[in-house]
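Values quoted throughout were computed directly from the atomic coordinates according to the rules given, and no laboratory measurement underlies them. Keep in mind that this is a model prediction, so the values were computed, not measured. Backbone-built Cβ (ideal geometry, glycine too); neighbour counts: all protein chains shown.
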Amino acid sequence: MKKSDIILCILIGVIAGSLVTFLYINNQNNEDKKATYTEKVNSDEKDKGDPLVYLEDTLNSKDNNVIKNGFIKVVDFLFYDEPINGVKFSELSNSAKLKVLELALSIDKKIDDVFPDYKETISEKYNGLKSKIVNLYIDLTTNICSNNEDLCSEAKEKFSYIKATFDLSLDFLKSLGSDALEKLKLWYEDFRD
């Protein structure tokens, strides 16, 4: 074999090796990009499936139909355990439930502010919604306080904010019934001690 043939074989070997290495690295980069894209799509789908995101989007919407449909959906979510994007209220953590209830009160207030008398025109089940949500909040907090001291404190503090933000007057709280008032009294006594 001549020297030139040996050099040509070495050169072909180097080029073939470089090509194989390039193709391997390019394939790895494509796999990494594909995995990153798949993770992003799954993350985006998860965010869209989160009831909190849905409720926040409803609350922040300027579209009247989105607000009205979101209002109806939140009632069904809270009281009829209908899912929002595949997740039921009963499946949420207690912390997420507290946040959902606060958002539900915000959406209820927005409906009252933007569409007065709307609830009366669609169905009787929407009357007194604010009371139902507050009762649910009180029941949930009472349950939380029996086994989670940190979340209990957070829920009670948040209730003070809710009272001020959503005009929960003493007369309103009295209208909730003696059971709710008794629970609130126990909260205050625990808080005072």
Review point. At a Förster radius of 35 Å, what calculated FRET efficiency corresponds to the Cβ-Cβ distance of E120 and N94, to the nearest 0.05?
Key: 0.60
Review point. Can you give the extra length, in nm with one decimal, that the chain gains between V87 and L140 once fully stretched, where that is 0.36 nm per residue apart less the Cα-Cα distance?
Key: 17.2 nm
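Stretched out fully, how many nm does the piece from S175 to E154 gain, at 0.36 nm a residue minus the Cα gap? Present the calculation step by step, with values, prior to reporting the outcome.
Values: separation 21, 0.36 × 21 = 7.56 nm, distance 2.46 nm.
Residue separation times 0.36 nm, minus the Cα-Cα distance, leaves 5.1 nm.
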Practice item. Return the whole-Å distance between the Cα centroid of region 60-87 and the Cα centroid of region 144-167. Key: 24
